[in-house]
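K.L.:
The structure's right below; bear with me while I get my questions together.
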């Protein structure tokens with residue numbers, strides 16, 4: 001018998017690499033590739049679960065589920081548009097807010113560690129279960145006696161001493177376009193949710209700012225650039241690639257907590273309409289991906305890569 | 001009288017001094033920058049304090065309310081600091097949530113999954129960072145795809161898979177029927193072991209970036225000294241990747257502890273995942289203790305929320321210094 005051909009050292013190393021990634025690869029095949037395929041299949045069929053024997057039967061129904069989702073379902077289209085609009089409003093706000101905050105936190109100042117610790121608290125506090133419980137209790141309160149926590153949270157937007165309508169009318173008189181004004185007012189009203197959602201983004205931006213070589217700022221200073229110019233000519237282009245990372249993260253994150261996902265969940269596990277739920281999941285995923293590709297493509301064209 | 005005169009003189013002196021300073025262009029410029037810098041730092045300070053307040057205010061509110069007694073809760077004069085602080089809210093919340101056994105089980109579950117995440121994700125990240133194999137770039141693109149795909153897209157098939165868990169027909173062969181894993185934590189462990197747990201894609205990405213940044217010479221030295229691949233990875237590379245390990249550990253602990261999506265999907269019992277108990281705490285207290293006043297019910301809910309946040313905040317405070325430094329050095333950013 002012929003002796004088995006020995007592998008070269010390089011081949012051996014590449015085999016080792018495959019061994020290292022093997023667990024993930026198997027998981028990816030089982031949980032992602034197979035699941036995506038199944039979700040696609042469910043969307044085109046009526047699924048009945050056999051309670052006695054276990055298992056499920058699929059009866060192909062063609063496009064019926066899609067028809068129901070788009071033409072018959074009461075809230076799907078509305079939920080989808082709300083999710084998309086919320087996301088489109090939030091993404092630029094969160095990105096710029098977190099970049100701004102990262103620039104403030106990046107400087108050395110006394111008490112830096114305390115402030116940073118506070119700023120990353122939202123990652124902890126932004127827990128699904130806790131906000132659910134608080135929503136529930138707010139619903140039970142039925143708008144009657146407002147709790148102190150809500151009262152205190154609301155003070156950011158309006159207090160008795162501070163009349164926001166006055167400010168708005170002042171800006172109206174200035175002749176600012178109404179659409180821009182609406183956006184700004186909306187942004188101020190959402191400050192809570194924006195701060196809550198930007199913890200991770202601030203971390204990423206701080207890391208990005210730290211990776212900018214100090215010599216660049218030195219050169220800018222020697223050439224006589226002002227702070228404003230330095231920001232637009234040095235800082236902004238250097239963090240541009242990480243803006244993409246953050247935008248992707250923000251979009252995915254805001255979609256996982258959107259009304260569409262809740263709808264898909266309740267349709268599947270409360271109403272047991274698995275086919276329809278799959279349609280909801282698929283459509284919202286496709287919409288997310290299209291938006292992702294569009295926005296990332298748009299930014300990428302304008303991105304400057306240092307390396 | 002005398003004092004006043006003295007003051008007047010000093011003020012005059014000051015005025016003269018300022019005038020002189022203003023006439024000299026160099027000094028004027030430096031004074032202008034000084035004032036500008038002062039104003040800018042005051043503005044920064046105000047912004048930081050303001051945003052910190054927005055973040056902290058709900059927590060302060062809950063903390064304050066959880067100590068309020070019955071009388072304080074309806075007393076309009078009480079704001080933030082209760083007049084007669086009481087611990088009875090905590091006592092009842094601990095009793096009704098079965099707090100200590102539950103939190104212990106939850107922490108064991110969270111820490112176990114975190115250990116698995118660390119082990120698997122660092123391994124995969126290392127594999128991608130240091131080895132060359134066919135289709136490496138395509139496979140790494142799949143990791144990014146995994147981060148991007150929202151997990152709700154695959155929730156139904158996951159539910160089906162674990163409801164009738166039957167790997168390669170083994171379960172049917174042994175017990176005669178597929179196993180129902182719903183209501184246990186096993187699905188989560190299985191998914192984490194196969195690198196598909198809560199946000200595993202992100203962790204793989206972080207580890208990959210970090211290992212790519214480490215100098216190759218360390219490994220070469222280890223190889224020359226006769227260390228095998230596994231020895232190098234466990235004893236040398238993982239030790240050097242401590243910042244990345246801490247970053248991922250904090251993320252993983254926090255997100256796993258807060259996760260409700262998978263906990264709901266796999267119907268994991270509230271006895272293991274304490275965050276599920278908080279959703280029912282208010283009605284449990286209403287039904288079992290006959291506390292019908294919504295205002296009072298909320299005080300117990302606040303105490304419950306504080307209790308649930310407590311361990312995770314403690315872990316965070318202990319690790320946060322390493323964590324932020326770790327994020328800065330681990331080059332999430334590459």
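What follows draws every value from the coordinates through simple rules; no lab data is involved. Computed from a predicted structure; not experimentally measured. Note that we place each Cβ from the backbone using ideal geometry, even for glycine, and neighbour counts take in every protein chain shown.
K.L.:
How do B:189-202, A:213-226 rank on mean C-beta neighbours within 10 Å, highest first?
P.N.:
Descending mean neighbour count gives B:189-202, A:213-226.
K.L.:
In nm, to one decimal, how far is the modelled label at residue B:212 from the one at residue A:174, with both set 7 Å along Cα→Cβ?
P.N.:
4.4 nm
K.L.:
On average, how many beta carbons from a partner chain sit within 10 Å of the beta carbon of a residue in B:220-232?
P.N.:
1
K.L.:
For a Förster distance of 60 Å, can you work out the FRET efficiency between the beta-carbons of residue B:166 and residue B:39, rounded to the nearest 0.05?
P.N.:
After rounding to 0.05, the efficiency reads 0.30.
K.L.:
Further question: With a 10 Å radius around each residue's Cβ, average the other Cβ atoms per peptide and rank B:96-103, B:289-296, highest first.
P.N.:
Descending mean neighbour count gives B:96-103, B:289-296.
K.L.:
Please average, across the residues of B:250-262, the number of beta carbons from any other chain that are within 10 Å of each residue's own beta carbon, and give a whole number.
P.N.:
3
K.L.:
Right, something else. Taking 0.36 nm per residue of sequence separation and subtracting the Cα-Cα distance, how much length would be gained by fully extending the chain between residue B:14 and residue B:314, in nm to one decimal?
P.N.:
102.7 nm
K.L.:
Mean-square fluctuation check for chain B, GNM, Cα pairs under 10 Å: which of B:245, B:54, B:40 is largest?
P.N.:
B:40
K.L.:
Arranged from highest to lowest average of other beta-carbon atoms within 10 Å per residue, in what order do the peptides A:228-236, A:34-42 appear?
P.N.:
A:34-42, A:228-236
K.L.:
Sum -39500 (n - 2.57) across every DSSP H segment of at least 4 residues in chain B, then divide by the residue count to get the 222 nm mean residue ellipticity, nearest 500.
P.N.:
About -24500 deg cm²/dmol.
K.L.:
To the nearest 10 degrees, how steep is helix B:136-148 against the longest Cα principal axis of chain B, on a 0 to 90 scale?
P.N.:
70 degrees
K.L.:
Can I ask one more? Round to the nearest 0.05 the FRET efficiency obtained for residue B:98 and residue A:70 when R0 = 35 Å and r is the Cβ-Cβ distance.
P.N.:
Computed FRET efficiency for residue B:98 and residue A:70: 0.15.
K.L.:
Which residue fluctuates most in the GNM of chain B (Cα springs below 10 Å): B:185, B:18, B:86?
P.N.:
So, out of B:185, B:18, B:86, the one fluctuating most is B:18.
K.L.:
Students often get this wrong: which residues of segment B:37-71 have the backbone nitrogen under 15 Å from the point 7 angstrom along Cα-to-C-beta of residue A:118?
P.N.:
Once the point is set 7 Å along Cα→Cβ of residue A:118, B:42-61 turn out to lie under 15 Å by backbone N, inside segment B:37-71.
K.L.:
Then there's this: How far is helix B:200-213 tilted, in degrees, relative to the longest principal axis of the Cα atoms in chain B, given as a value from 0 to 90 rounded to the nearest 10?
P.N.:
Relative to chain B, helix B:200-213 is tipped by roughly 70 degrees.
K.L.:
Which whole number gives the average, over all residues in A:30-41, of C-beta atoms from other chains lying within 10 Å of the residue C-beta?
P.N.:
Across A:30-41, the average partner-chain Cβ count within 10 Å equals 6.
K.L.:
Round to the nearest 10 and give me the degree value, 0 to 90, for the angle of helix B:25-66's Cα axis relative to the longest principal axis of chain B.
P.N.:
So the inclination is approximately 50 degrees.
K.L.:
Can you figure out the FRET efficiency of residue B:144 with residue B:75, using R₀ = 60 Å and their beta-carbon distance, to the nearest 0.05?
P.N.:
So the FRET efficiency works out to roughly 0.60.
K.L.:
Among B:283, A:258, which comes first, second and so on when ranked by fewest other beta-carbon atoms within 10 Å?
P.N.:
The fewest-first ordering by Cβ neighbours comes to B:283, A:258.
K.L.:
Between B:243, B:157, B:82, find the one with the highest GNM mean-square fluctuation for chain B; connect C-alpha pairs within less than 10 Å.
P.N.:
Looking only at B:243, B:157, B:82, the largest GNM fluctuation is found for B:157.
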